[in-house]
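The values are calculated or read from the model by the stated rules, or taken from the named source; none is laboratory data. Keep in mind the model is a prediction, meaning the values are calculated, not measured. Calculation scope for accessible area: heavy atoms of the full protein, side chains included, ligands and nucleic acids excluded. Shrake-Rupley method; radii C 1.70, N 1.55, O 1.52, S 1.80 Å.
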Amino acid sequence: MFIRLISACAAVCLAFAAALACAPRSQREAIAMAENAYYEDRCKGVLARLEQARIMSSKPLERDPRRMEVECSMAIEDAEVAEQKLEALCEDFDWSRNGIAIAVIKKAAVYPVNQAAREVDGYVQLGLEIDDEGRVEYARILASEPASFFDSAARKAVMKWRYCPRRFLPVDTRWPETAEMRFKLPVLR
């Protein structure tokens, strides 16, 4: 019985030491860990690290980490919570450039696996229609090279884009009329 107690204490100590070794030591390090999780498409890790960064400092998070947080919230959290985070982000920033709204959430298009054998790069230009809540309602293909290779992948990605709702934008802000996505053959490691 005494040996079991000692081994249990040792296991707890090792787990605690491992947790300390993996824990970020600064807000910047927590944000870097969140970015790594973001690029590996692990949204739960992103949200956990950003929460650690928020706890570590009284300073608010920078714009880009908050953008990652909103995107991951929209992917894995309750829709109402995600909308609240989007609104909080939109209240703090002017999401327009030269009088044209900028996407808050801009999902990259995934290179279609069925096109990888052809080893081509290309682009798709889309015409966008955006509602007052900042959602892309419709995307039509204006031009693509090579023709129709990447159209469905581009349309699928752009339909997930989000802009700040109109009520958060300056009065004279216009929605963008077009978007362009470029496709490069992924390099396999």
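The table below gives the values:
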{"item": "Set of lysines near residue 59 by C-alpha distance (under 22 Å), chain-local residues within fewer than 8 positions excluded", "result": "85"}
{"item": "Ranked order, 138, 111 - accessible area, probe 1.4 Å, largest first", "result": "138, 111"}
{"item": "Proximal aspartates and glutamates relative to residue 44, as straight alpha-carbon distance under 20 Å, when same-chain residues fewer than 8 apart are discounted", "result": "29, 35, 62, 64, 69, 71, 77, 78, 80, 83"}
{"item": "Rg/Rg_ref, segment 23-158, where Rg_ref = 2.2 N^0.38 Å and atoms are Cα", "result": "1.23"}
